[in-house]
Amino acid sequence: MEKTLRSSEHVKVDMDEQLKFSPRPCWTCRKNRVKCDGRLPTCFKCRMKGRECLGYSANKPLVWTGLAGRGKIAHQNFGHQKRESFTTQREPTSPTQLIPTPRPLTDPIFQGLSPRSGQYISYYIHRCCVDCTIYEPHAPNRFKQFLALMPGNPVLFHSILAIAAFHQARSASCAYDALPEPTIPEQPLLITKINHSNDSASPQYSDAITHSARSISALRESLANAADSLDALLATVFILIWLDTVDSGTTIWKQHLEGLRGLILLQRGSRLGATDLRVKNASSSPLRAFFEETFAMLSLLGSTFDPGLPRPLDVFPQSELDQVFVRTESHSWTGCPSNLLCILHCFLTSALSKDRPPPRVIYESFARLQQFDTANWAARCPQPSLAPVRFSLGESWKGAIEIYGRRVLGVQYPDLRRVSEDLIETTLSHLRQISHHDTHFKGTVWPAFVVGAEARTAEQREAILSIYGHLIELSHVSMFRIAIAQMRRIWARSTPYPPGSSWVHEIWERKEGLLLL
């Protein structure tokens, strides 16, 4: 059966297979008087809340297998689901909680989709997009706004279905257990070990592979006329980078990031060269500004562990870059203060510069870092009740950036080489203050890796692995498993690094690269 997405150009979709849902709520959701999503074999809401799902049978807790095309859920409008009251929840709010979509699936641009395609779009809205901002609804979620670009752009349509399907496949297979495994010679340690079932056999994984291939094929065609659909192309490349970090986390995302640099330069060139006022206004739209800001974030944090990647200064002049980082605070999922991003960028460019920067510049940057008022920054939180946790996240970034700066600049400035135990323990303490149920938790990825690479005791390493275990369960990102493997390799090193060298330089030399966000 072939379905069509209505638009000026018809996009053909041949997904008539349907996901499995129960026509009735599970017994656990009935007991707690909350809306059940009916996901089989176990309720998604119960799993994310850490509750035992008692199943869907009429008389006893057995799981019933049904199809989404039957029963109450077949034509359910996900856009009209009610948000649970924060005052009535018995457990901490999870960042993966389903949230209403600003564009219900009854919108004309979604009509004509097969039930399965519609389910993936709904999953993208309600689940995937939650990972892309910290303070929704106080800040715009641009990844939801990508949906308005779908009509007439099969390249974006297939990439959105692919990330939703990959994410769902990982969601069904990802778990972690605490198992005994030695990570320090002659010292056993309880660590977090990530387990994945064979998700490649799932229908979601098959759909993800299909739509990913179609998206890449359509991308080749769209690049021939990039200027005609630039916004959709930019949105697609962002999703393809996300897709690779979820699926494999290998090197394909690096190629996409290089392509993204070219598209951003094309976008900026069209804006600077525009003479028509309408073209200038379109080129400076909030969505296009978001593309530039997010590229700056991806290129900066990616370059911290792979200096061969495109860097922010490849696109932005220094006079503009600081303001770009300031704008990212309104929508970024990293939660890093813009002042600290600027300092991190200074450390990175100084370490990679062929000409040794004046010592005054470096020491002034460290002074600005240590003098940064995290409490004042946290007090400006869009949600005042979250200010204490925002403070912990800001301090985590502050400590991790100091550690990183000392490691990458230790070759040129020997007096900066020492990373104190107090700095490691204090930064880790702030990371521990952020519950994995809290919306700020998604911003701990980069700081936790830096602190983890420095972890010296069994207790510290166990804490870092626990954080990454929860991150994998929440975000299903394969890149995080690569990060764990790199930390274990660092911990297993039996000889100290040469003077001025560090684990950062080892990662650079191995050219494995990490995109930790």
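The values are calculated or read from the model by the stated rules, or taken from the named source; none is laboratory data. Just so you know, these numbers come straight off a predicted model, no measurement behind them. Neighbour counts are summed over all protein chains in view; Cβ atoms, including those assigned to glycine, are modelled from backbone coordinates with ideal geometry. Heavy atoms of the whole protein, side chains included, go into the accessibility calculation; ligands, DNA and RNA do not. Shrake-Rupley method; radii C 1.70, N 1.55, O 1.52, S 1.80 Å.
Computed from label points 7 Å out along Cα-Cβ, the spacing between Glu320 and Thr210 is 4.2 nm. A straight line joining the Cα centroids of the range 372-402 and the range 282-339 runs 20 Å. Ordering of 233-243, 326-336 by packing is 233-243, 326-336, highest average first (other Cβ atoms within 10 Å, averaged per residue). Could you please state, rounded to a whole Å, how far the C-alpha centre of the range 204-251 is from the C-alpha centre of the range 404-433? Rounded to whole Å, the Cα centres lie 38 Å apart. Spread over its residues, the convex hull of the C-alpha atoms of the range 414-517 is 104 Å³ per residue. Ranking Thr495, Thr457, Thr427 from most to least accessible surface, computed with a 1.4 Å probe over the protein chains only, gives Thr495, Thr457, Thr427.
Solvent-accessible area of Trp397, all protein chains in place: 0 Å² (probe radius 1.4 Å, heavy atoms, ligands and nucleic acids excluded). Listed peptides 404-413, 481-490, 503-512, 348-357 appear in the order 404-413, 481-490, 503-512, 348-357 once ranked by packing, highest mean of other Cβ atoms within 10 Å at the front. With all protein chains in place and ligands, DNA and RNA left out, the 1.4 Å accessible area ranks Glu258, Glu459 as Glu459, Glu258, largest first. Modelled this way, with points 7 Å down the Cα-to-C-beta line, the labels at Ala492 and Arg30 are 5.0 nm from one another. For the peptides 460-469, 415-424, the ranking by packing is 460-469, 415-424, with the highest mean count of neighbouring Cβ atoms within 10 Å listed first.
Anything over 28 Å Cα to Cα? Flag those among Lys45/Lys398; Lys35/Lys144; Lys31/Lys442; Lys354/Lys398, in the order listed.
Lys45/Lys398; Lys31/Lys442
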